[in-house]
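Data block below; observations after.
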Amino acid sequence: MKKVLITGVAGFVGSNLAKELLDRGYEVIGIDNYSQGFKRNIQDLFANQAFKFYEGDVCDKDFCDRLIGDVGGVFHLAAFKIPRYGGALDTLHINTRGTENILEGARKTKCKVVFASTSDIYGKNPDIPFNEGSDLVLGQTNIKRWSYAVSKIFDEHLCYAYQEKYGLPVTIVRYFGGYGPNQNITWRGGPQSVFIECALGKKPIPIHGNGKQRRSFTYISDIINGTILAMERDKTIGEAFNIGNDREIEIIELAKMIWRMVNPDGEPRIEFIEYGSFSGKYEDVQRRIPDITKSKQLLGFEASVELEEGLPLAIDWQKRIPSEEKGS
């Protein structure tokens, strides 16, 4: 299985995953349509003869079939995230059709698929921390904020259905709050991306609600380690795994931490934003923390990079983003 396909290779997780796999001696085929990713994320990889890139869309079934037929495993990362940046229809259409195309192509060769899901699927479940058997509690269907979670839930069902009907080996990884180099610097990349950008410009950091929401944040090297373990270990087939750091932090405390890392001599500038300012209805989740017991036991996974170590690395990387890309 030393030759693999990565969908969404120019994105945050995809680009870091490709680099690590190449360093480990894998051959990597990467695909992306640059709708969510950036060429700069993979620019350094083109010099490596073990890396092949094809620009294209996972919604193109024939395109996917051609590339999957030549690999031993697929990391399916491509997705359309956060419908506040576009219509819910795009989120639902791209994520579900793209995943079905990947699974349909993989079943013909029976190559293993690692599907990237999200902690967002646990929704409003009040029972913290979330384990892989937790109920999935979402809001009303007229709140488009939930369409991303719904698309990923449907995709997980597709994965299990393809395994049941066709014997396709599939493993699901659910990411919690990834951050680090190559992260998107808008809200697509998470609150830490926006907080860093504001702190670098000494602009007020926007906090939605009262900032008491609690989250966990996972440095990219830990996410990559868990993702590769999910592919390499046979006993993961048919299982879902939380990939995250189980340390909890209030969003407002994260904002203050980032500000002080960037501006150690200044008081944090905070701007509170009411949820009512969002277009349409919006619902936030107050706590999102993983139980990683299963990942420890079956994967041997445990996050090792704490915020105090990972955030400075993310900040240093974000400082180097060209000014013309700041509006991306």
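The values are calculated or read from the model by the stated rules, or taken from the named source; none is laboratory data. Remember, it's a predicted structure, so these values are computed and weren't measured experimentally. As a convention, Cβ positions derive from the backbone with ideal geometry for all residues, glycine included, and neighbour counts pool all protein chains shown.
Some points to look at:
- Flag: I42 matches the condition of being more than 22 Å from Y162 (Cβ to Cβ), in contact (Cβ under 8 Å) with a residue 24 or more places away in the chain, in contact with a Ser or Thr (Cβ under 8 Å, 6 or more places away or on another chain) and surrounded by 18 or more Cβ atoms within 10 Å (Cβ to Cβ).
- Spans of strands (runs of 3 or more DSSP E) in the stretch 1-65 with at least 1 residues at pLDDT 95 or above, basic (K, R) and over 24 Å from Y179 (Cβ atoms): 3-7, 51-55
- Under the condition of being under 15 Å from C111 (Cα atoms) and assigned to a strand (DSSP E or B), the residues counted in the stretch 220-248 number 0.
- Check on I172, touching a residue at least 60 places away in the same chain (Cβ under 8 Å), over 21 Å from T227 (Cα atoms) and either among the aliphatic types (A, V, I, L, M) or in contact with a Lys or Arg (Cβ under 9 Å, 6 or more places away or on another chain) (or both): no
- Whichever residue in the stretch 192-219 is out of contact with any Leu (no Cβ under 9 Å at 6 or more places or on another chain) and among the β-branched types (V, I, T) and, among such residues, is surrounded by the most Cβ atoms within 10 Å (Cβ to Cβ): T218
- H208 falls short on exactly one of the conditions (1) of a type outside the set (S, T, N, Q); (2) at pLDDT 95 or above; (3) more than 19 Å from A116 (Cα to Cα), and that condition is (2).
- Checking each residue in the stretch 248-266 for being more than 24 Å from the chain's Cα centre (by Cα) and of a type in the set (A, V, I, L, M) picks out M261, V262.
Per-residue answers, yes or no, for (1) crowded, with 23+ Cβ neighbours inside 10 Å; (2) closer than 23 Å to N225 by Cα; (3) under 18 Å from the mean Cα position of the chain (by Cα); (4) not aromatic (F, W, Y):
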position: V9; (1), (2), (3), (4): yes, yes, yes, yes
position: S15; (1), (2), (3), (4): yes, yes, yes, yes
position: I31; (1), (2), (3), (4): yes, yes, yes, yes
position: Y34; (1), (2), (3), (4): no, no, yes, no
position: D62; (1), (2), (3), (4): no, no, no, yes
position: N95; (1), (2), (3), (4): yes, no, yes, yes
